[in-house]
Amino acid sequence: MAKKGKTPLGFIGLGLMGLPMTLNLLKGGHPVTVWNRSREKILPALQAGAKEAASPAEVARAADIIHLCVFDGASVEEVVFGPDGVIEGAKPGKIVVDHSTTGPEAARDLGLRLRREAGMGWVDAPVTGGVVGAKAGTLAIFAGGAEADVERVRPAMKHVARRFVRMGDIGAGQTTKMCNQIVVGCTIPMLSEMFALARDNGVDVGLLPDVLEGGFADSTILQLHGRRMIKHDFARQGQAKTLVKDLDLITAVGKASGTPLPITGLATQLWRLFLLHGNAEQDGIAIVTMYEKGARKPAVKPRPPVRVPIRPVPKPPLRKKPST
Amino acid sequence: MGEKVAFIGLGVMGFPMAGHLVKAGHEVTVYNRNAAKAEAWVQKFGGRKADTPAAAAKGNKFVMSCVGNDDDLRSVILGAAGAFAGMDKGATLVDHTTASADVARELAADAEKKGLGFLDAPVSGGQAGAENGVLTVMVGGKETTYGPAEPVIKAYARMCKLLGPAGSGQLTKMVNQICIAGTVQGLSEGLALARATGLDIASVVEVISKGAAQSWQMENRYKTMLESKFDFGFAVDWMRKDLGICLNEARRAGVTLPVTALVDQFYAEVQQMGGSRWDTSSLIARLEAKKTKQ
């Protein structure tokens, strides 16, 4: 139940991450007003005590701090500045907290625009920790924004995150998320390669997460995703296309800052191949199947070679060595 | 027979290309953002210059453009002072900029509405090709528009071909750049190994350039690559612009370009080494052993 004195919050975008985050904010005693493009996704939140809004504008009217967790920069722009967007319910002093991964440039553009047009604050606050962390309330959140805004957002964040760190001004949270995604986006295909090498050389792949635990090759990705990859447990915790979108953003950020990112560049294209095989909506860890025996079959069956009789090449006439 | 032609954009490519039009007997008016360049061009080739793209375009049957990128292109073609505003109905814009296929389609549609012709016609062959008038021109657009334009383009082209509807020229140029990126990296690696193992590289190239490894890059660049001579040719900055276009188009088309993406990042390293203006063959500079102090 909502407790007295708790900041009224809004939440827009109750997807795989947004819904469990909203549930944790409700559990923490905050009144939360919610909106989602497809309505059925908000039902569990309504059951837990959330209030329904008919539009992002209505969320903004009801809440002091409006959280967003949508797909990309274009979707953020749509819910904030589009018809019936947040801006139509805006009031100076209110704050938008954007948990979507949009890249730093979009965060700066959107944040400055909202300040200019409505006097509202902006905190870019992308998250890491996946669906598991969102449900457990143990996410890590990278925040970018004015110090005062970030501090106003902080109290509620203890219900959804284990860590909430201000990384700098608007955009710095997004840049930190890019750093995070470089490692995630390159590690998952790398683990796939590792499993393939082990398997092809007779090592029991199932033993690897345990034996590598605590060593230099250990990682949360190995322990959580790696084990699922080995078991082919592809229950969706995220979508491959989201990761590829992030990698595209990273490449753009690197290009703008003149930072060479060869491994990321190559990994992005490996992911794109995975998408080409019809996996855009799959959990990204399923990329491991691309590295398994028999996974690479030609789309078109090659024809058997045509036997062409080899014609002897006429030899040039021998030139006699001039006798000395 | 001489035509009335305007040329917009007198960079390292446009400057000599517009000159070839004069030499071929056409009546040429030029526009350049930096007016001093236009003045220098008039001094060298005769012809006239104008103060805006619209003024340059006015009264000409053909308007050629060759500028930096999509945004530059929109700025000289669209708007009140842009070329489209000055062109007479029935005139044709031939764009030699390497740009996205999207902007080509956009301009083609806009031209159609205004009763103008449009051809996207990016070129290959570099500065030397432009100066010697032996460029390869890859064209997209309508056949009826292309027919009359071809003889004019031929003033600076050895090869000119219509490849399909609007955007096809740009797509072909992308294919060209993708092939170059992979080829130059392969050549760099081959030469690096040849050098490190003490082979006589001139002999190596003499032999393998008669076989399956032969390429334009090998024949025209191996010597300068070995001499670490890169202060000429097609700049890395421009190559990265082009590869960016390729990678964007591939994303749209759902195609994976692993080597192109990797080489694009290698070029970022070359930029960091100070090679923004170096020729694309400078990929080999990344592979050189670091000189250690004795």
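Residues in the protein assembly as shown average 49 Å² of solvent-accessible surface per residue, probe 1.4 Å, ligands and nucleic acids excluded. What base-10 log of the normalised intensity I(q)/I(0) is obtained for segment B:171-293 from the Debye formula, alpha carbons as equal point scatterers, at q = 0.10, 0.15 Å⁻¹? Reported log10 I(q)/I(0), two decimals: -0.32, -0.69.
How much length would be gained if the chain were fully extended between B:A35 and B:L78, taking 0.36 nm per residue of separation minus their Cα-Cα distance, in nm to one decimal? Don't skip to the answer; put the middle values down first.
Working: separation 43, 0.36 × 43 = 15.48 nm, distance 1.96 nm.
Going from the current span to full extension adds 13.5 nm.
Roughly how tilted is helix A:240-257, in degrees to the nearest 10 and between 0 and 90, from the longest Cα axis of chain A? Tilt of helix A:240-257: around 90 degrees.
Among the trypsin sites (Lys or Arg not before Pro) within segment B:199-269, which fall in a DSSP loop and have no more than 15 other Cβ atoms within 10 Å of their own Cβ?
Details: sites: B:K210, B:R221, B:K223, B:K229, B:R240, B:K241, B:R251, B:R252; in loops: B:K210, B:K229.
Listed in order of number, the matching sites are B:K210, B:K229.
When the accessible areas of A alone and B alone are added and the area of the pair subtracted, with a 1.4 Å probe, the result is around 1400 Å², both sides summed. Simple spin-label estimate for A:L207 and B:A128 gives 6.0 nm between the two label positions (7 Å along the Cα-to-Cβ direction from each Cα).
Considering only DSSP beta bridges whose two residues both sit in chain A, what percent are antiparallel, to the nearest 5? Could you put the intermediate results ahead of the total?
Values: 3 of 27 bridges.
Expressed as a percentage, antiparallel bridges in chain A total about 10.
Within segment B:42-96, the trypsin sites (Lys or Arg not before Pro) that combine a DSSP coil assignment with at most 14 other C-beta atoms in a 10 angstrom radius are B:K89. Each of B:M273 and B:N248 was given a label point 7 Å from its Cα along the Cα-to-Cβ line. The distance between the two points is 2.8 nm.
In this structure, the residue pairs whose Cα-Cα separation is over 29 Å, taken from B:K49/B:K229; B:K61/B:K173; A:K245/B:K161; B:K44/B:K89, are B:K49/B:K229; A:K245/B:K161; B:K44/B:K89. A straight Cα-to-Cα reach below 14 Å connects B:K23 with the aspartates and glutamates B:E3, B:E131, residues fewer than 8 places away in its own chain not being considered.
Considering only A:Q47, A:Q269, A:Q237, the mean-square fluctuation computed in a Gaussian network model of chain A, springs between alpha carbons under 10 angstrom, is largest for A:Q47. Our compactness index for chain B, the C-alpha radius of gyration over the empirical 2.2 N^0.38 Å, is 1.07. Between B:E227, B:E189, B:E150, the Gaussian network model of chain B with springs among Cα atoms under 10 angstrom shows the greatest mean-square fluctuation at B:E227. Listed by chain and number, the aspartates and glutamates placed with their C-alpha closer than 17 angstrom to that of A:K177 are A:D72, A:D98, A:E105, A:D124, A:D169, A:D246, A:D248; residues fewer than eight positions away on the same chain are left out. Taking θ as phi - 60° and the Karplus parameters 6.51, -1.76 and 1.60, the scalar couplings of segment B:48-55 work out to 10, 10, 10, 8, 9, x, 4, 5 Hz in sequence order, x denoting glycine and proline. Largest first, the extents of the alpha carbon coordinates of the protein assembly as shown on the three principal axes equal 102, 71, 60 Å.
The values are calculated or read from the model by the stated rules, or taken from the named source; none is laboratory data. Remember, it's a predicted structure, so these values are computed and weren't measured experimentally. Here Cβ is always computed from backbone atoms with ideal geometry, including for glycine, and neighbour counts include all displayed protein chains. The area values use the complete protein model at the heavy-atom level, side chains included, leaving out ligands, DNA and RNA. Shrake-Rupley method; radii C 1.70, N 1.55, O 1.52, S 1.80 Å.
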